[in-house]
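Let me begin by presenting the structure, written as structure tokens, before commenting on it.
Values in this text are rule-based calculations from the coordinates and carry no lab data. On a predicted model such as this, the values are computed, not experimentally measured, just so you know.
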Amino acid sequence: MERTIPAQRGPNGVIERVCGASGCTTRHYAKGYCKKHYAQTLRHGRLTPEAERGEPRVCLVPNCGRTDTLRHYCRKHAAQIARNGKIGAREYVRGRVGCKIRGCKAEHRAKGYCTNHYAQQRAKQRAS
């Protein structure tokens, strides 16, 4: 017997498949379920509504919104706290906002350089 996968119209008007678990309207992931319910069927062989936590926990950092939390912070911010003891803003990494190459307006990525200039610097180091 083949199970039908429910569908609903998304924000752009396209019909999207949704989870087949009762009361769940999350986007379809595999075998008729969203990622959470599919993982439950893999682990336990069935849906386990008695073990669900309810609302997902959201990172405490303002405007983050990620839900993969460890001790109330997402993995990215939890790693920053473990490494630095605080959460640092991206634009203040090593005191720079942009690339240190004069005239380059790209965002700082590593060691004061944007992605392209950092790659060029590494290539020069490898060649010498």
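Data table
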read-out	value
Relative intensity, log₁₀ I(q)/I(0), of the stretch 37-87 from a Debye sum that treats every alpha carbon as a point, q = 0.21, 0.22, 0.32 Å⁻¹	-0.75, -0.78, -1.12
Of 35/86; 76/124; 100/124; 76/105; 86/124, those spanning more than 24 Å from alpha-carbon to alpha-carbon	35/86; 76/124; 76/105; 86/124
